[in-house]
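A quick write-up on the structure given underneath.
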Amino acid sequence: IGEHSKPLKDFFEACNSLFLKVTTIIVSVIPLAVFCSICSLVMLTGTDTLLSLLYFLLTVVAGMAGMIVVYCLIILIVARLDPLVFLRKHAPGMLTAFSLGSSNASMPYNMQICRNDLGISPKVYSFSIPLGATVNMDGTCIYLVAAAMFLARIYGVELTGPDMAAMFFSVFVLSVGAPGVPGAGLVCLSVLLVQIGVPVEAAGLMMGIDSIVGMFRTASNTTGDVAISLVVAKLENLVDLEVYNRKSGD
Ligand code: ASP
């Protein structure tokens, strides 16, 4: 469109700047908003709510530990490989995902582990890791279910069997749609809360601990991606067993 492209480009750049400005303003008041939201909830329900947050955190972490056990069993039974080798070699990957809090940002390191330590063929991991980072969010699923039930209880919302069934599908769709970036689970939670009839401001209670829970979620999400890449590669005979069984540093 020749010379008309310039005003159009300027328009989109102006929209982008406006969006960033509005986001910056909102982000700067979030700590205060979270503080006020938690204060009002504690005044309404008592300090026990804060203690139950700790139990919530422990529940989520236990759920994610359970998920890692499930992956180990799949590696043992389906792929017939030693899961302890997987855990040992993928431990730095878990730590990286934990500290980055983003499946997308952890992708390059996970691919490196797949290639250099687990002996998975690039034919598998170059497809499965990006796919997994986008759609496979088991940690986020555990978090969404636990958080929704926890907040429903605090706000006195009764969840019936059909509610749970509807929640199952919503959690599935939300976790597939969640981007692999920090805080994505919290955004999905606010959508889920509306669906089950819990006031959306309840998500404010989760904001205070979201960065910690988000780290566990991401470690669980990326462990799933790498574990399933390993299983698929083994079933397709695309794992270099010599590399997989080699001790680190050999
Ligand atoms: N941060 C998570 C991830 O990147 C997504 C989430 O927030 O649940 O996997």
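Each value in this text was obtained by applying a stated rule to the coordinates, not by laboratory testing. Because the structure is a prediction, the values reported are computed rather than measured. Methodologically, a virtual Cβ is constructed for each residue, glycine included, from the backbone with ideal geometry; neighbour enumeration extends over all protein chains shown.
Rounded to whole numbers, the Karplus 3J(HN,Hα) couplings from phi for the range 73-88 are 5, 5, 4, 6, 7, 7, 8, 6, 10, 6, x, 5, 5, 4, 4, 5 Hz, using 6.51 cos²θ - 1.76 cosθ + 1.60 with θ = phi - 60°, and x at Gly and Pro. Here the 3J(HN,Hα) profile of the range 213-224, calculated from phi with Karplus coefficients 6.51, -1.76 and 1.60 at θ = phi - 60°, is 4, x, 5, 5, 4, 5, 4, 5, 4, 6, 4, x Hz, Gly and Pro shown as x. Computed extension gain for residue 236 through residue 87, at 0.36 nm per residue and net of the alpha carbon distance, reaches 51.5 nm. Cα gyration tensor of the chain, axes a ≥ b ≥ c as square roots of the eigenvalues: rounded (a/c below 1.5), prolate (a/b > b/c) or oblate? It is oblate, given that a/c is not under 1.5 and a/b is not larger than b/c.
According to the square roots a ≥ b ≥ c of the eigenvalues of the Cα gyration tensor, what is the shape class of the range 114-180, taking rounded for a/c under 1.5, prolate for a/b larger than b/c otherwise, and oblate for the remainder? Prolate, because a/c is 1.5 or more and a/b exceeds b/c. Between 128, 17, 103, the Gaussian network model of the chain with springs among Cα atoms under 10 angstrom shows the greatest mean-square fluctuation at 17. Residues in the range 162-176 carry Karplus couplings, in order, of x, 4, 5, 5, 5, 5, 4, 5, 5, 5, 4, 5, 5, 5, 5 Hz; the curve used is 6.51 cos²θ - 1.76 cosθ + 1.60 with θ = phi - 60°, and Gly or Pro positions show x. On average, how much area does the Cα convex hull of the range 41-132 cover when viewed from any direction, in nm²? Mean orientational projected area (the range 41-132, Cα hull): 7.8 nm². The Cα atoms of the range 115-244 cover 56, 30, 18 Å along the three principal axes, with the biggest extent listed first.
One Cα centroid belongs to the range 132-202, the other to the range 13-53; the line between them spans 19 Å. Charge tally around residue 63: other residues with Cβ under 14 Å, Lys/Arg +1 each, Asp/Glu -1 each, net 0.
Just 160, 59, 223 to compare: in a GNM of the chain, with alpha carbon springs under 10 Å, which one fluctuates most? Of the options given, 160 has the highest mean-square fluctuation.
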